[in-house]
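Trainee: The structure that follows is given in the form of structure tokens.
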Amino acid sequence: MRKEDITENLNRVRGRIAASCSACGRDPGDVILLAVSKTRPGADLRSAYDAGQRHFGENYLQEALEKQAELDDLDITWHFIGPLQSNKTRAVAEHFHWMHSVDRLKIAQRLSAQRPPDMPPLNLCLQVNIDGEESKSGVAPAEVAALAEAVAGLANVRLRGLMAIPAPRESEEEQRQPFEALTALLEELRERLPDQPLDTLSMGMSGDMEAAIASGATMVRIGTDIFGRRD
């Protein structure tokens, strides 16, 4: 993709974030733009970096590791946002700053045990299956508190918040329902675990970003509206 197009798209998305925050009385600086860069070549990520983008989210581990090697001269914050098998946790523990899709204690335990001691704790979000969809990963809302308490006790990871990918909905009012449910879950966790830095709601994508921000998102995951549609 042309560098100029990526820059223009990023500026458009940042404008949408600013407008959404203005509409609900929030500071745009409180919402991190996470560029979802799966299947995109390293050159596209470099173009986005040159346009000021620093946070990148990857779904496929081997592809991500190859891009990290290619772009190791850049000060990128790497987020793993896809499902993760337990036999692949070491690479995430060693090469990422954030992991968004924790839905089992075993995964968190392995990430903690495998995090190199010279690195800061790995930031974790618990993935919540907020709509109870059988086809989606994530812990059930009723099980979030127990998992969060267990993860909070691990040494080399830091529980930062929750992530969800709700089922598509038509109107912004309908889109806000699952996001507000996730926000309420995080508020409950903050009361239960006051010593944890529970400051992150990773929710909202290209089609429902405005509803997510209005509901309290602190991180929106945008791919298509930055890099175009995947082939």
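Trainee: List, please: which pairs have Cβ atoms under 6 Å, are six or more places apart or on different chains, and start with a residue in region 5-19 that is farther than 12 Å from Met209 by Cβ and end with one that is in a helix (DSSP H, G or I) and among the hydroxyl-bearing types (Ser, Thr, Tyr)?
Mentor: Ile6/Ser47
Trainee: Here's something else I'd like to know. Just for helices (runs of 4 or more DSSP H) wholly inside region 1-79: which have at least 3 residues that are within 26 Å of Asp199 (Cα to Cα)?
Mentor: Working: elements: 3-23, 42-50, 61-70.
By residue number, 3-23.
Trainee: Of all residues in region 174-189, count the ones that are charged (D, E, K, R), farther than 12 Å from Ala212 by Cβ and either surrounded by 13 or more Cβ atoms within 10 Å (Cβ to Cβ) or in contact (Cβ under 8 Å) with a residue 24 or more places away in the chain (or both).
Mentor: Step one: filter region 174-189 for residues charged (D, E, K, R), giving 174, 176, 180, 187-188.
In the following step, the residues that additionally are farther than 12 Å from Ala212 by Cβ were identified as 174, 187-188.
Checking which are either surrounded by 13 or more Cβ atoms within 10 Å (Cβ to Cβ) or in contact (Cβ under 8 Å) with a residue 24 or more places away in the chain (or both) leaves us with 174, 188.
The total comes to 2.
Trainee: Check off (1) surrounded by fewer than 21 Cβ atoms within 10 Å (Cβ to Cβ); (2) within 20 Å of Leu34 (Cα to Cα) for Val220 and give me the number that stays unchecked.
Mentor: Only one criterion is unmet by Val220, namely (1).
Trainee: So Gln196 fits all but one of (1) more than 20 Å from Gly82 (Cβ to Cβ); (2) surrounded by fewer than 15 Cβ atoms within 10 Å (Cβ to Cβ); what number is the exception?
Mentor: (2)
Trainee: If I filter region 159-171 for residues that are at pLDDT 95 or above and among the polar types (S, T, N, Q), do I get at least one hit?
Mentor: Looking for residues that are at pLDDT 95 or above and among the polar types (S, T, N, Q), one finds none in region 159-171, hence no.
The values are calculated or read from the model by the stated rules, or taken from the named source; none is laboratory data. Given the structure is predicted, the values throughout are model-derived calculations rather than measurements. Positions of Cβ are generated from backbone atoms using ideal geometry, with glycine treated the same way; all protein chains shown enter the neighbour counts.
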